[in-house]
1. Quick check: pseudo-label points 7 Å beyond the Cα along Cα→Cβ at Ala34 and Arg94, how many nm apart are they?
2. All other residues with a Cβ under 14 Å from the Cβ of Cys15 taken together, and with Lys, Arg as +1 and Asp, Glu as -1, what is their net charge?
3. Averaging sequence separations of C-alpha pairs under 8 Å and six or more residues apart, then dividing by the length of the stretch 1-132, give the relative contact order as a whole percent.
4. Tell me, in nm to one decimal, what length is gained between Tyr45 and Ser12 on full extension, where the rule is 0.36 nm per residue of separation less the Cα-Cα distance?
Amino acid sequence: MPAGSISLALLSVFCLVAVGFDLRRHAVPNWLNAVGLCSGLVPAYALGGMKPMAISLMGSMLGASLMLPFFLLRMVGGGDLKFLAASGALAGWRLLMPAVLIGMFLGGAASVVMLARRDRCLERIRMRTLLLRHGSLKAAAGGEGISGLGDIEMPYTLPLSIGLLMTCASACWG
């Protein structure tokens, strides 16, 4: 089995388990992210030596770097950051950027749909959009945004996993 197929299989299992935890517990455990990271680095070294392992490590660093601004703005949790770092080790840096763009697009679209279903009012959606654009909508300690708008919770590993698996599968089979 080629190295791409092995990476895709490992990434698929990792994403499936991470999404399962995220859906049930709203968190991705550290041990799972560590296993994902090792699942990217160890086979890369075993199958090709230092160069593939360096590519895997660059993917991990890129994944953490891409998610860090969103983590610092408290838009995603630490588990999401570590999930993307581990996924980068499995996918490699070349496939990570398009995968993350697809995942972020899917996550944004899902968030808009969730807001629309919850608010059921175009004026509230317009107000949220204005507040987000101006940086005034921030989560407080109680999970409520300003003016009691509240935040929606979405397991972000799901859209990221879809983007990752779509991109890696197309690279592996395309």
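1. Spacing of the two 7 Å Cα→Cβ label points: 3.2 nm.
2. -1
3. 25
4. Contour length minus the Cα-Cα distance gives 9.9 nm.
Each reported figure results from applying straightforward, stated rules to the coordinates on display, with no laboratory input. Just so it is clear, the structure is predicted and the values come from calculations on it, not from any experiment. All Cβ positions, even for glycine, are placed from backbone atoms using ideal geometry, and neighbour counts span all protein chains on display.
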